[in-house]
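Everything below concerns the one structure shown next.
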Amino acid sequence: MTRQRRLIVLRHAKADWPDVPDELRPLAERGRADAAAAGRWLAEHGLVPDRVLCSTAVRTRQTWELAEPELGGAPELVLEPRAYRAEPDELVGLLRELPPVVRTVMLVGHRPEVQELVLELAHGQRSEALERLREKFSTAGIAVLDVPGEWGQLAPGGAELTEYAVPRG
């Protein structure tokens with residue numbers, strides 16, 4: 001018997017635009033507040049992941065570092081260089097590699113890739129949350145998807161978007 005899995009997709013919070021390479025862009029002041037608010041929202045909704053796959057970009061790492069203390073849990077953090085500028089099918093590949101012991105995973109990444117990932121996984125679904133996400137996956141936005149079956153079987157149209165929220169600090 002396979003049990004349901006949960007995927008939480010967190011887009012990094014609002015980044016600043018200093019004169020540095022893209023991967024080194026830090027969070028803006030508003031982004032720092034929104035990242036903490038995202039962590040609080042996750043805790044309030046009982047959404048504490050077992051593992052976090054986080055892009056190695058500075059803004060994604062800072063988003064996680066500010067959200068994590070608000071969770072009230074201690075998920076395993078995996079800094080994943082393949083998640084930076086990954087195509088949606090590459091992100092699906094990362095998720096398929098997860099071991100069965102991981103029930104809930106959070107992916108901290110970038111738009112447009114995370115937006116395209118969610119739209120691909122929820123393909124064929126109709127909901128108000130999906131329409132809002134299709135229009136704009138905001139900074140510090142959180143998409144929650146239920147995934148029936150094992151990670152290794154994850155495929156387009158194989159998940160249900162149950163929630164889309166944009167917490168603000």
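FYI, it's all coordinate maths here, none of it is from the lab. All values reported here derive from a predicted model rather than from experimental measurement. When we count neighbours, we look across all protein chains shown, and the Cβ atoms used for this are built from the backbone with ideal geometry, even at glycine.
Given +1 at the Cβ of Lys and Arg, -1 at the Cβ of Asp and Glu and no other charges, the dipole of segment 5-165 around its Cα centre is 180 debye to the nearest 20.
Grouping the Cα pair distances of segment 5-165 into 5 Å bins from zero gives a pair-distance distribution of 2, 10, 20, 24, 22, 14, 6, 2, 0 percent in increasing distance order.
In the chain the longest region clear of GluC sites (Glu not before Pro) that are loop-assigned by DSSP and have at most 16 other C-beta atoms within 10 Å covers 1-96. Simple rule: put +1 on each Lys or Arg Cβ and -1 on each Asp or Glu Cβ in the chain, find the dipole, and look at Ala57, Trp41, Pro26; the Cα lying farthest toward the positive end is Trp41.
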